[in-house]
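Engineer: One structure, pasted below without further comment.
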Amino acid sequence: MTRVLVTGATGFVGRALVAELTRHHDVRAAVRRRPEPPLDPQAEVATLPDLAEEPDLSAALSGVDAVVHLAGIAHVGSDIPDATYDRINHVATAHLASAARRANVAHFVYMSSVRAQSGPAAEHTLIEADEPRPTDAYGRSKRAAELAVRSSGVPYSILRPVVVYGPGVKGNIASLMRLTNTPWPLPFGAFANQRSLLARDNLIGAVAFLLARPAPNDLYLVADPTPISFYDIIATLREAQGRPHRLLAVPPTIFKTLFDAIGRHDAWARLGGGLVADPAKLMALGWRPQIETRAGLAAMAGRKT
């Protein structure tokens, strides 16, 4: 049975991935401290120091056939110094990839981000052949990590997921669910901007799919196949939460003017911009996402529709 080392095993994606991979692999879950609540009991837990400090990883990688590297800063934050992104997302990844090559790991799966390729909005549908144009320290650190993996010599797959949602999600999606779960009317009835989202289970399926194949030394955008408008995101969440839609058709240009006036261009791009990523390249290999976006959002927010 293949042995897989998973870093970032206690995170939003990591916990669910460990549980899924234990069905078909021996899993070694790398953590910085003993997890609470515990991980899947079938997984071996290995405590590792900060990877950016370049620790000796020979024991953690001993007998490992594949690595899935999730650990890192997984969000954009104005309070996080650029050097911190680089140290944790780039330097630590470079060290792990080099150690994996020395340990003769056969497949290194790196969880990058669509932000290594684009800012928070894009004027055209993204494909892998587009020139990477990250717009912030987070995206640049992810892009630098991709290049480090590619130059390390380890056989690799790189994934660039869009925004991931699912039960227990944090960050912007969690904030949005708190907003929709109020009785107040919301001014998003005219927001037709299209966004690609990614169900956590679809992402886990993509990782499992790639682990079952020889490492192609390639990268893939990962998204649910059909994008969804911001209006439909809000309406789906509200319906799942048992709330009436109550969406007012306030022109998005009013919001853009306000955000521009206070210099919050990125915030406007996340709210009113579009970002559609085409997962056709990975699907052409045979990956088949199982969750449709509206059904996945509804299940996350409260009940299936």
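Engineer: Looking at the stretch 181-193, is at least one residue touching a residue at least 24 places away in the same chain (Cβ under 8 Å) and either part of a helix (DSSP H, G or I) or within 15 Å of the chain's Cα centre (by Cα) (or both)?
Structural biologist: The answer is no, given that none of the residues of the stretch 181-193 is touching a residue at least 24 places away in the same chain (Cβ under 8 Å) and either part of a helix (DSSP H, G or I) or within 15 Å of the chain's Cα centre (by Cα) (or both).
Engineer: So how many residues does the stretch 1-16 have that are over 19 Å from residue 72 (Cα atoms), in a strand (DSSP E or B) and in contact with a helix residue (DSSP H, G or I) (Cβ under 9 Å, 6 or more places away or on another chain)?
Structural biologist: Matching residues across the stretch 1-16 total 0.
Engineer: Take the stretch 104-134 and flag every residue that is under 21 Å from residue 17 (Cβ atoms) and surrounded by fewer than 18 Cβ atoms within 10 Å (Cβ to Cβ).
Structural biologist: Once the filter is applied, which keeps residues that are under 21 Å from residue 17 (Cβ atoms) and surrounded by fewer than 18 Cβ atoms within 10 Å (Cβ to Cβ), the stretch 104-134 yields only 106.
Engineer: Now a separate question. Restricting the stretch 252-271 to residues that are surrounded by fewer than 18 Cβ atoms within 10 Å (Cβ to Cβ) and small (Gly, Ala, Ser), which is nearest to residue 162 (Cα to Cα)?
Structural biologist: Among residues in the stretch 252-271 that are surrounded by fewer than 18 Cβ atoms within 10 Å (Cβ to Cβ) and small (Gly, Ala, Ser), the one nearest to residue 162 (Cα to Cα) is 267.
Engineer: Moving on to the next point. Failed condition for residue 101, given (1) touching a Phe, Trp or Tyr at 6+ places or on another chain (Cβ under 9 Å); (2) surrounded by fewer than 20 Cβ atoms within 10 Å (Cβ to Cβ); (3) in a loop (DSSP other than H, G, I, E, B), with all others met?
Structural biologist: (3)
Engineer: Please tell me if residue 205 is within 24 Å of residue 298 (Cβ to Cβ) and either not small (Gly, Ala, Ser) or not in a helix (DSSP H, G or I) (or both).
Structural biologist: When the stated conditions are applied, residue 205 does not pass them.
Engineer: Considering the stretch 17-29 alone, what residues qualify as being touching a helix residue (DSSP H, G or I) at 6+ places or on another chain (Cβ under 6 Å) and among the hydrophobic types (A, V, I, L, M, F, W, C)?
Structural biologist: Passing the criteria: 17, 27, 29.
Engineer: Report the residue count in the stretch 51-80 for those that are more than 21 Å from the chain's Cα centre (by Cα) and in a loop (DSSP other than H, G, I, E, B).
Structural biologist: Number satisfying all stated conditions: 8.
Engineer: Still on this model: How many residues are more than 20 Å from residue 226 (Cβ to Cβ) and assigned to a helix (DSSP H, G or I) when one looks only at the stretch 109-168?
Structural biologist: 18
Engineer: Are there any pairs with C-beta distances below 8 angstrom linking a residue in the stretch 125-142 that is free of Cβ contacts under 8 Å to residues at least 24 places away in the same chain and under 14 Å from residue 162 (Cα atoms) to a residue that is of a type in the set (Ser, Thr, Tyr) and surrounded by 14 or more Cβ atoms within 10 Å (Cβ to Cβ), with the two at least 6 apart or on different chains, and if so which?
Structural biologist: Sorted first by the residue in the stretch 125-142, then by its partner, the pairs are 134/118.
Engineer: Cβ-Cβ under 7 Å, sequence separation 6+ or interchain: first residue in the stretch 148-160 and charged (D, E, K, R), partner crowded, with 24+ Cβ neighbours inside 10 Å and assigned to a helix (DSSP H, G or I). Which pairs?
Structural biologist: Every condition considered, the pairs that remain are 160/114.
Engineer: Kindly check whether there is at least one residue in the stretch 224-241 that is modelled with pLDDT of 95 or more and surrounded by fewer than 15 Cβ atoms within 10 Å (Cβ to Cβ).
Structural biologist: Yes, because at least one residue in the stretch 224-241 is modelled with pLDDT of 95 or more and surrounded by fewer than 15 Cβ atoms within 10 Å (Cβ to Cβ).
Engineer: For residue 83, state whether it is part of a loop (DSSP other than H, G, I, E, B), closer than 30 Å to residue 265 by Cα and among the small types (Gly, Ala, Ser).
Structural biologist: Judged against the criteria, residue 83 is not a match.
Engineer: Let me ask another. What's the number of the condition residue 176 fails, among (1) touching a Pro at 6+ places or on another chain (Cβ under 7 Å); (2) assigned to a helix (DSSP H, G or I); (3) surrounded by fewer than 23 Cβ atoms within 10 Å (Cβ to Cβ)?
Structural biologist: Only one criterion is unmet by residue 176, namely (1).
Engineer: Mind counting the residues in the stretch 19-34 that are more than 21 Å from the chain's Cα centre (by Cα), over 15 Å from residue 209 (Cα atoms) and in a loop (DSSP other than H, G, I, E, B)?
Structural biologist: Here the count works out to 2.
Engineer: When the residues of the stretch 81-101 are filtered to those that are over 12 Å from residue 141 (Cα atoms) and not small (Gly, Ala, Ser), which remaining residue is farthest from the chain's Cα centre (by Cα)?
Structural biologist: Only one residue tops the list, namely 101.
Engineer: Considering each of 22, 84, 47, 7 in turn, give the residue that is free of Cβ contacts under 8 Å to residues at least 12 places away in the same chain, of a type outside the set (Phe, Trp, Tyr) and either surrounded by 13 or more Cβ atoms within 10 Å (Cβ to Cβ) or more than 27 Å from residue 174 (Cβ to Cβ) (or both).
Structural biologist: Sole residue among the options that is free of Cβ contacts under 8 Å to residues at least 12 places away in the same chain, of a type outside the set (Phe, Trp, Tyr) and either surrounded by 13 or more Cβ atoms within 10 Å (Cβ to Cβ) or more than 27 Å from residue 174 (Cβ to Cβ) (or both): 84.
Engineer: Got a sec? Which helices (runs of 4 or more DSSP H) wholly within the stretch 237-305 have at least 2 residues that are of a type in the set (Asp, Glu), within 17 Å of residue 173 (Cβ to Cβ) and out of contact with any strand residue (DSSP E or B) (no Cβ under 8 Å at 6 or more places or on another chain)?
Structural biologist: none
The values are calculated or read from the model by the stated rules, or taken from the named source; none is laboratory data. Here the structure is a predicted model, which means the values were calculated and not measured. With ideal geometry, Cβ positions are generated from the backbone for all residues, glycine too; neighbour counts draw on all protein chains shown.
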